[in-house]
1. Go ahead and set up a Gaussian network model of the chain, Cα springs under 10 Å, then flag whichever of Val33, Val54, Val22 fluctuates most.
2. When the chain is modelled as a GNM with alpha-carbon springs shorter than 10 Å, which of Thr82, Thr69, Thr53 fluctuates the most?
3. Would you work out which of Leu25, Val98, Gly61 lies farthest towards the positive end of the dipole of the chain, given +1 charges on the beta-carbon of Lys and Arg and -1 on that of Asp and Glu, about the Cα centre?
4. Of the labelled options (i) 19, 16, 11; (ii) 36, 21, 16; (iii) 89, 14, 6, which one gives semi-axes √(5λ) of the Cα gyration tensor in Å as computed for this structure?
Amino acid sequence: MLDGVDKISVLDRASLRLLAVVLLLAVSALAVVHSSYQARQVFSALQQEHRETVRLEEEWGRLLLEQSTWASHARVEHLARTKLQMTPPEGRNIHVVVQ
């Protein structure tokens, strides 16, 4: 039979096991909360980067359009005639070089 000291030690062991399980459960719950917080932070950063990507792609499209406008043949020819007073050469001034 178990005497008084043995009963207390059995109860103490059970209490220690229960306390250990409760502590592990609390640590596990805190780890879940922390990982959820980190996941939200990372997802928020991902969304911010996605918005920046979309903004940069839109700006790139506008810049391509602007570049094509500035480099259009009609605009270059107009500037050559008006600002630089350039004219196409006359037929008698054109020489064909054959190798």
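1. Val22
2. Comparing Thr82, Thr69, Thr53 in a Gaussian network model of the chain, the most mobile one is Thr82.
3. Result: Val98.
4. The value computed from this structure is option (iii).
Coordinate-derived values only; no laboratory data. Model, not experiment: these values are computed from the prediction. Quick reminder, even Gly has a Cβ in these numbers, built from the backbone with ideal geometry, and neighbours come from all protein chains shown.
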